[in-house]
Amino acid sequence: MFHKEHDAFPKDFLWGSASAAYQVEGAMSEDGKGESVWDRFVKIPGKTFKGTTGEVAVDHYHRYKEDVRLMAEQGLKAYRFSIAWSRIIPDGDGEVNEKGLEFYDNLIDELLKYDIEPVVTLYHWDIPQALQDKYQGWESRQVIEDFTRYAEILFKRYNDKVNYWVSLNEQNIFIMLGYRMAAHPPNVTDEKRMYAANHIAHLANASVIKRFRELGMKGKIGPSFAYGPTYALDSHPLNQLAAENNEEFNAHLWMDIYVRGEYPSVVWKYLERHDLAPEIKPGDTELLKAGKPDFMGLNYYQTATVEANPLDGVGAGKINTTGKKGTSEASGLPGLYKSAKNPFIEKTDWDWDIDPTGLRVAMRRINSRYQLPILITENGLGAYDDLEEDGSIHDDYRIDFLRNHVKAIQEAITDGVEVLGYCTWSYTDLLSWMNGYQKRYGFVYVDREELDEKELKRYKKDSYFWYKKVIETNGQEL
Ligand code: BGP
């Protein structure tokens with residue numbers, strides 16, 4: 001379906017960009033910050049590319065003024081960032097650290113000075129290590145109360161300044177990589193524990209949204225979900241069924257609960273039959289239903305193409321974290337689905353499918369299944385960049401990627417989807433959790449290497465100037 005003409009982007013469309021605390025801030029133990037699970041996890045040999053850590057990251061903690069000035073010059077309308085729980089409550093459930101709050105006071109005020117809308121993520125994967133030690137973090141129901149207390153401190157402090165809040169960032173990713181693949185903290189491979197922790201994370205998510213309502217907050221709140229819509233490899237009915245399975249187990253399991261407070265019945269039945277179902281206590285369903293978000297935050301990078309997988313078929317496969325094309329392995333859930341190569345789609349050096357139409361499909365499916373506005377909270381291309389001698393970076397591949405995705409958004413708007421804004425991933429280059437610093441996403445190049453911090457100097461890439469124009473013309477000039 002192609003439109004002859006496209007609707008214009010809404011007048012107040014939020015042209016933004018994003019980051020996360022651990023990936024940019026550095027200042028690992030400054031001003032009273034406590035240790036987070038990521039501060040600890042990266043020290044395990046072999047977990048991250050070349051053993052990289054966020055100890056210094058791109059030093060945003062000390063250079064936020066420079067970074068915000070670059071945003072202002074570019075005309076950015078929104079900046080999504082996360083707050084580190086371990087800066088606000090260093091041990092997770094004890095004293096509040098005023099110094100930690102001050103950093104975010106300053107960052108938010110700096111953004112507002114230039115009319116840049118802060119989009120605040122409460123949790124981007126960095127739970128305080130103390131809570132992991134004390135009660136195993138997301139595996140204990142105590143986290144619901146502690147996370148809600150932490151959120152409430154931020155809600156009260158920033159109610160007048162922040163209009164957009166993200167509750168949990170990519171619950172599906174931190175749970176699956178943390179408890180199935182041992183590729184994130186807490187470094188576990190146990191399906192039963194995974195579904196148990198996931199249920200508790202759902203309750204925590206609902207609980208902060210419920211508190212948000214009780215406090216009469218003036219802004220909007222929603223989770224950011226990593227959604228990669230599924231295609232079947234071909235029209236073979238069993239491959240179509242595999243695609244249905246993939247949607248149920250990788251998307252509906254989260255988004256249905258966010259919006260309707262209920263597990264998709266196909267997933268629930270499977271969990272029960274395999275003795276994997278989490279414990280549902282009285283009051284859980286009521287709480288989940290009270291946590292309906294105002295918007296669906298969408299983190300879109302790629303689609304998933306799948307085919308049937310026999311009962312003795314492939315499980316979790318190796319992820320490409322080196323940037324050597326073709327080194328990732330097929331992965332799946334036996335009996336349900338496994339990944340397949342889509343013959344129509346190019347891949348990045350990290351083997352991620354490049355598929356702008358998939359973004360339109362994602363938006364259409366969310367719109368038709370959940371009837372919620374969408375805030376695109378992440379989208380971008382991880383690639384190698386070359387810094388030229390004159391300080392320029394010619395990242396035309398990134399411009400192409402972003403341009404095609406912005407077009408897809410405009411098509412989805414024309415189709416009838418309500419979209420609040422678009423945050424690219426990422427603003428500056430930053431630490432890619434498992435892939436080091438060489439996998440770059442930013443509009444702003446940061447001169448550092450995996451093990452050499454250099455001077456962390458900032459340079460504007462060609463994509464910086466391209467996006468400036470897009471913002472200036474409200475998406476008319478792509
Ligand atoms: C999302 C995360 C981001 C970011 C991005 C890119 O899953 O929310 O924090 O890292 O993916 O992923 P990667 O860094 O693995 O390339």
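The values are calculated or read from the model by the stated rules, or taken from the named source; none is laboratory data. Keep in mind that what you see is a predicted model, and the values were worked out from it rather than measured. As a convention, Cβ positions derive from the backbone with ideal geometry for all residues, glycine included, and neighbour counts pool all protein chains shown. Heads up: the accessible areas ignore ligands, DNA and RNA and are worked out on the full protein's heavy atoms, side chains in. Shrake-Rupley method; radii C 1.70, N 1.55, O 1.52, S 1.80 Å.
Summary table
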| quantity | calculated |
| --- | --- |
| Between region 420-478 and region 234-267, the alpha-carbon center distance in angstrom | 34 Å |
| For Ala226, distant residues with modelled amide H under 5 Å away | Glu170, Gln171, Asn172, Ile173, Asn299 |
| For region 14-473: accessible area per residue (Å², 1.4 Å) | 37 Å² |
| 20 Å Cα-Cα threshold exceeded, pairs from Lys318/Lys338; Lys50/Lys324; Lys347/Lys469 | Lys347/Lys469 |
| Listed peptides 66-76, 18-28 by packing density, highest first (mean Cβ within 10 Å) | 18-28, 66-76 |
| Percentage of interatomic Cα-Cα distances in region 1-140 larger than 26 Å | 34 percent |
| Region 11-65: trypsin sites (Lys or Arg not before Pro) in DSSP loop, at most 15 other beta carbons within 10 Å | Lys11, Lys43 |
| Signed unit charges on C-beta, dipole axis of the chain, positive-most listed residue Tyr384, Tyr114, Tyr337 | Tyr337 |
| Cubic angstrom per residue, convex hull over Cα atoms of region 265-316 | 154 Å³ |
| Exceeding the 25 Å Cα-Cα cut-off - candidates Lys33/Lys161; Lys292/Lys439; Lys113/Lys454 | Lys292/Lys439; Lys113/Lys454 |
| For the chain, diffusion coefficient by Stokes-Einstein and Kirkwood Rh (Cα), 37 °C, 0.692 mPa s, µm²/s | 145 µm²/s |
| Stokes-Einstein D for region 352-478, Kirkwood Rh over Cα pairs, 25 °C, 0.890 mPa s (µm²/s) | 157 µm²/s |
| Eligible lysines near Lys289 by straight Cα distance, threshold 19 Å, same-chain separation 8 or greater | Lys210, Lys220, Lys281 |
| Calculated diffusion of region 79-156, Stokes-Einstein form, Kirkwood radius summed over Cα pairs, 20 °C and 1.002 mPa s, µm²/s | 163 µm²/s |
| Mean Cα-pair separation over length for the chain, i.e. relative contact order, pairs under 8 Å, 6 or more apart, % | 17 percent |
| Gly421 long-range amide H proximity, modeled H, under 5 Å | Leu14, Ile376 |
| Carbon + sulfur, % of accessible area of the chain - ligands and nucleic acids excluded, 1.4 Å | 48 percent |
| Residues whose placed amide H lies under 5 Å from that of Val119, excluding near-sequence neighbours | Tyr79, Arg80, Phe81 |
| Share antiparallel - DSSP beta bridges, the chain, percent rounded to 5 | 25 percent |
| Inter-centroid distance (Cα atoms) of region 53-126 relative to region 340-356, Å | 33 Å |
| Net dipole in debye of the chain [+1 Lys, Arg Cβ; -1 Asp, Glu Cβ; about Cα centre; nearest 20] | 860 debye |
| Antiparallel bridges, percent of DSSP beta bridges restricted to region 251-395 (to nearest 5) | 55 percent |
| Cα gyration tensor shape for region 366-435, rounded if a/c is under 1.5, else prolate or oblate | prolate |
| Highest-first arrangement of 173-184, 102-113, where packing means the average Cβ count within 10 Å | 173-184, 102-113 |
| By average C-beta atoms within 10 angstrom, highest first, the peptides 372-384, 442-454 | 372-384, 442-454 |
| Length-normalised contact order of region 168-275 in % [C-alpha pairs under 8 Å, at least 6 apart] | 21 percent |
